[in-house]
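Down below is the structure, laid out as structure tokens.
The values are calculated or read from the model by the stated rules, or taken from the named source; none is laboratory data. All values derive from a computational prediction rather than experimental measurement. Positions of Cβ are backbone-derived with ideal geometry, glycine not excepted, and every protein chain shown enters the neighbour counts. Only protein heavy atoms, including side chains, enter the accessible area calculation; ligands, DNA and RNA are left aside. Shrake-Rupley method; radii C 1.70, N 1.55, O 1.52, S 1.80 Å.
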Amino acid sequence: MDFAFTPEQEELTRTLRAFARKELASRSRQWDKSGEFPWEAWRRMGELGLLGFRNPSQFGGHEIDLVSMGIAMEEIARGDFSATYGIQLAGLAGQILGQSGSDEVKARWLPPTARGESVIALALTEPGVGSDAANLACRAEREADGYVITGEKSGISLGMVAQAAIVFARTDADAKARGVTAFVVPLDLPGVSRSPISDLGTRAVVRAVLSFDHVRIPASHRVGGEGTGFYQVMQGFDYNRVLIALACLGVAQVSLEETMAYVKERKAFGRTLATFEGVSFPIAEAATHIDAARWLCYRSLWLADHGLPHTKESAMVKWWAPKLSVETIHQCLLLHGHYGYTDELPFEQRLRDVIGLELGDGTAQIMKVIVARELMGRESLPY
């Protein structure tokens, strides 16, 4: 067994940690307060190759293993949590379009997305459909040489700034998962409207409700065959859940490091806070849990890189890591006393940010259902 990163991965870690500290961390608070989308940072991530990880090389991408992609998520999260959405969503778009999109669609959308000049949103969730993603109400009806899309998508990350979205819509009213098809929909088409959502955290992600009122698109904008959309997105969800977990752990880790430095300097009753067991024990516990969760994440990505099943492991870390991150950052906030509760320190923003990923891409309850199914078979599924 080899638990070491390669020299290239170690260099990637150093490069991205410096980038996150210099170009993201110093501006994260400003983006949170203003809700401004950080286009300049997006383009810089594009220059570093972070937005083309899953693209075919002829469309602006480059081959990289999932372990390295996990490193990128963890390190970028140390600077700004919202920026990690760029990596994961560009990765999903690159994989879905790269595998199943028409050459016209790939040539139009993938290169500028990889450069950080365009954004492609993933429009799956609906007002009445979250975890039960096979029961979509949004529909796409065949008409001449194209489709007409009608329906609404909610909680769409990057929805207010994206130029296009991969929209999952029902093409067969009588089928569930096999009745869902994916389409690339430019968001400047007639009939498309969007409204912003005011979120607790990750405000720079500018989530939105997308509405489609008889939006016409050509057949070339269908991604793959009819009825394949649900399976296209689910193929990417396993590894993407691990990437989300690592982003959460990156935020928890940097918060813990800052707190350790603080308690070694801050004094009370003539001693540094670090000498009190009530302070040092929670830090020791958090460090243990973060290390354990982190290595389960990288094992999951290693399995994926080797073409091995990793559904159980990805569901395990998706429910555990966001919860652990929330608990760790909360503890770090408390250990900084009343200043930790102010917006002069980054803990309140980080806490708000990571709470969102206790929901996104599958709640803890759904993840535990998946783990139970993988351990005990489908007969363990709830009625």
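Assorted remarks:
- Nonlocal amide H pairs with D361, under 5 Å, H built at 1.01 Å: none
- Net charge of Cβ neighbours under 15 Å - reference H336; Lys, Arg +1; Asp, Glu -1: -2
- To the nearest ten degrees, helix 277-305 and the longest principal axis of the Cα atoms of the chain are 30 degrees apart.
- Sites matching trypsin sites (Lys or Arg not before Pro) across segment 247-340 that sit in DSSP coil, with at most 16 neighbouring C-beta atoms within 10 Å: R266
- Dipole size of segment 195-315 about its Cα centre, with +1 on Lys/Arg Cβ and -1 on Asp/Glu Cβ: approximately 180 debye, rounded to the nearest 20.
- Think of each Lys and Arg Cβ as +1 and each Asp and Glu Cβ as -1; about the Cα centre, that makes the dipole of the chain roughly 400 debye.
- J(HN,Hα) series, segment 166-176, from Karplus relation 6.51 cos²θ - 1.76 cosθ + 1.60, nearest Hz, glycine and proline x: 8, 9, 9, 9, 7, 10, 9, 5, 9, 10, 8
- Distance between modelled label sites at E257 and L308, nm, 7 Å Cα→Cβ extension: 2.9
- Per-peptide average of other Cβ atoms within 10 Å, ordering 124-136, 76-88 highest first: 76-88, 124-136
- Across the chain, the volume of the C-alpha convex hull divided among the residues equals 146 Å³ per residue.
- Across segment 25-33, coupling constants 3J(HN,Hα) worked out from phi with the 6.51/-1.76/1.60 Karplus curve, θ = phi - 60°, read 4, 6, 10, 4, 4, 5, 5, 5, 6 Hz, and Gly and Pro carry x.
- Accessible surface of segment 1-139, 1.4 Å probe, proportion on carbon and sulfur as whole %: 48
- Summed side-chain charge close to T113 - residues other than T113 whose Cβ falls under 11 Å, Lys, Arg +1, Asp, Glu -1: +3
- C-alpha long axis of helix 311-335 to longest principal axis of the chain, angle in °: 40
- Helix content alone sets the calculated 222 nm mean residue ellipticity of the chain: runs of n ≥ 4 DSSP H residues at -39500 (n - 2.57) each, divided across all residues, give -16500 deg cm²/dmol.
- Over all other residues within a Cβ to Cβ distance under 11 Å of S100, the charged ones net out to +2, with Lys and Arg as +1 and Asp and Glu as -1.
- On Cα atoms only, tilt of 229-265 relative to the major axis of the chain in degrees: 20
- Cut-off 20 Å (backbone N to label point 7 Å along Cα→Cβ of R271), residues of segment 324-353: 335-337
- Residue-wise HN-Hα couplings along segment 93-109, as the Karplus relation 6.51 cos²θ - 1.76 cosθ + 1.60 with θ = phi - 60° gives them from phi, are 4, x, 5, 5, 6, x, 7, 10, x, 6, 4, 4, 5, 4, 5, 6, 10 Hz; Gly and Pro carry x.
- The apolar share of the surface of segment 196-264, taken as the fraction of accessible area on carbon and sulfur atoms (1.4 Å probe, ligands and nucleic acids excluded), comes to 56 percent.
- Annotation: per residue accessible area for the chain equals 45 Å², rounded to a whole number [probe 1.4 Å, protein chains only].
- In this structure, L381 and M1 have a Cβ-Cβ separation that, at R0 = 35 Å, corresponds to a calculated FRET efficiency of about 0.60.
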